[in-house]
Amino acid sequence: PESITATIEEAFRRHPSREVAEQPHAHLLLLIDHAEALVATAAQDLKRDSAFSDALHHLCESPRVMVAMIVRSDFYLTLVETHPEIAARKLGEGHYDVLTPLPGEIAQIIRIPASLAGLTFEEDPRTAEHLDDMLRDAVTEHADALPLLQHTLQALYERRSDTGELRIDAYRAIGGLEGALAHRAEEVFDSLHHAAKSSLALVFSKLIVMQQESDAVSARRVLWSALDENARVLAEAFVRARLFVGDLSDGEPGFRVAHEALLRQWPRAREWIHDNRRLLQVKARMRRSALRWVEEGRSADQLLNPGRPLQEAREVARHVPWDLSPDEHAFLAASSRQYQRRRRLRTAGIATLAISTIVSAGFAVLASQARSEAVQRREEALQLSDFMLVDLAKKLRPLGRLQLLDEISGKALQLLDQHPEERLRTADLVNRARALNTLGEVMMQEARFDKADAALVRDMLGLADRGQ
C-alpha cells in the first residue's frame with residue numbers, strides 16, 4: 001500500500017540503518033535496478049547524489065541490510081568514479097559479474113516459466129522446429145537479447161491460442177525477436193490521434209540522454225508535470241502497453257522506459273537519435289557547463305565562449321526550449337549578454353583604431369603639404385638671393401651704388417641664414433660666398449677694413465669647410 005511505502009521512505013530519509021535495526025527480526029534486501037541512472041544524466045542533482053551516498057552508507061553499516069545494485073557495464077566506471085563509496089563497499093565478495101547466458105540457460109529462461117504457467121510451444125509442421133528452440137537461437141545472436149525476449153514472450157502470451165499454445169504465426173506477425181518491441185511500439189503509436197503523435201519529439205527530447213564523451217544512448221526518468229496534454233496522452237499509452245513504466249519518487253509521479261532496447265530497436269527512436277545526435281551531445285555539454293556555472297556562484301569565467309560553444313547552445317534552445325531548466329536558460333542568457341558586451345567593446349575598439357588611423361593620415365597629409373610649402377618658399381628665397389647677388393649686383397657695380405650693394409648683400413645673407421647650412425645646395429653656398437665677398441668689397445672701399453677682413457675670412461672658412 002502507498003501508506004506503508006511512504007512510511008518506509010520517510011524512515012529511510014531519517015536514518016536508514018537505525019530504522020531497520022529497531023525492528024525485531026527485520027532483514028532487508030534492497031535491489032537498486034538501473035543504477036546507471038545516477039550518472040546517465042551527467043549528475044545534474046548534487047543534493048540528490050549526496051543524499052544517495054549518505055543513505056547507502058547508513059544502509060551498508062547495518063548487519064541486517066544487503067544492498068544489490070544492477071548497472072550497465074558501459075556506465076560502471078563512471079558510477080564508481082562519481083560514488084567512490086560503491087567501489088569500497090564491493091571489495092571482496094561484493095562484486096558479481098553477470099555474464100551472457102549460455103544457450104542452455106536461455107532455454108531454461110524460456111521453458112521453465114512457460115511450463116509453470118501451463119503454456120506450450122507450437123511446432124513448425126514444415127521443419128519440425130519448436131518455437132522455444134527458435135526463440136533460443138534468436139536470443140543467442142542478439143545483443144539486446146533478454147529485454148527483447150521478455151517483451152516477445154509477453155506479446156506471444158497475449159496472442160496465445162485457447163489451449164495455451166504460443167504460436168509460430170504470432171511470432172512471425174510481430175516481426176520475430178528483433179521486431180517484437182518495435183512492432184508493439186509502432187502499433188501503440190499508430191493508435192494515437194495526430195496531436196499526440198506530433199508530441200513524440202518532445203517526449204524523446206526529455207527521455208533520451210546522449211553521453212558527452214561517446215555515442216552511448218541512455219534514458220532518464222521524466223516527470224509527468226514536464227509534459228503537455230498531448231505528450232501525456234502518448235506517454236500514458238506507452239505505459240499501458242508496458243513500453244514505459246510509471247513510478248513515484250520524492251512525491252513526484254513520473255515514468256521511464258521499460259527497456260532501453262526500445263530506443264535501439266524502434267525505427268522511429270533510432271531515426272530521431274540519428275537526426276538529433278549532435279543536438280543531444282551539445283545539450284549534455286551545456287547542462288554540465290550550466291551546473292558548473294551555478295556551483296561557482298554564477299561566475300562570468302564559467303560562461304560559454306563566443307563562437308561554436310555559444311552557437312550550439314543557442315541551437316539547443318531554439319529546438320528544445322521546453323527541455324531547459326531555469327538555470328540553463330539563465331546560463332545561456334548570461335553567456336549571450338557577455339558575448340554582446342565583448343562584441344560592442346570590440347566594435348568600439350575597431351572604430352577607435354579606424355578614427356585614429358584617419359586622423360594620423362590627415363596629419364601626415366598636412367605635414368606633407370607644409371613641407372612642400374616650406375620647400376617651395378625656400379626655393380623662391382634662394383632664387384631671389386641668386387638674382388640679387390648675381391644679376392642685380394652686376395648692374396650696380398658700374399654705378400658705384402655701394403650702399404645699395406651693401407643692402408642687397410645683407411638681405412641675401414639674411415635669406416640664406418634662414419636655412420641650416422648643412423641643407424644648402426652648392427649653388428646656395430656659392431651665393432653666400434658671393435654675398436660675403438660683395439660685403440667685403442663695399443667695406444674695403446668705405447675703409448671699414450676690420451669688418452671687411454671678417455667678412456672675407458668668414459667667406460673663406462665657409463668654403464674650406466665644404467671643400468670648395
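A Förster radius of 60 Å combined with the Cβ-Cβ distance from Ala370 to Ala333 puts the calculated FRET efficiency at roughly 0.65.
Using a probe radius of 1.4 angstrom, the carbon and sulfur fraction of the accessible surface of region 139-197 is 47%. The simple spin-label model puts a point 7 Å past each Cα toward its Cβ; for His27 and Gln311 those points are separated by 6.3 nm. Applying 0.36 nm per residue to the separation of Val239 and Ile112 and subtracting their alpha-carbon distance, the gain on full extension is 43.0 nm. Taking a ≥ b ≥ c as the square roots of the eigenvalues of the alpha-carbon gyration tensor, region 124-185 is classed oblate because a/c is 1.5 or more while a/b is no larger than b/c. Overall, region 228-334 carries a charge dipole of about 520 debye about its Cα centre when +1 sits on the Cβ of Lys and Arg and -1 on the Cβ of Asp and Glu, all other atoms neutral.
Applying 1/(1 + (r/R0)^6) with r as the Cβ-Cβ distance of Asp169 and Asp97 and R0 = 51 angstrom yields a FRET efficiency of 0.85. Sorted on the mean count of surrounding Cβ atoms within 10 Å across their residues, most packed first, peptides 150-163, 259-272, 118-131 read 259-272, 150-163, 118-131. Peptides 80-88, 288-296, 46-54, ordered by how many other C-beta atoms sit within 10 Å of their residues on average, highest first, read 288-296, 80-88, 46-54.
The values are calculated or read from the model by the stated rules, or taken from the named source; none is laboratory data. Quick caveat: nothing in here was measured; it's all calculated off a predicted structure. Counting neighbours? That spans all protein chains shown, and the Cβs are built from the backbone with ideal geometry, glycine included. Remember, those area values only see protein heavy atoms, side chains included, never the ligands or the DNA or RNA. Shrake-Rupley method; radii C 1.70, N 1.55, O 1.52, S 1.80 Å.
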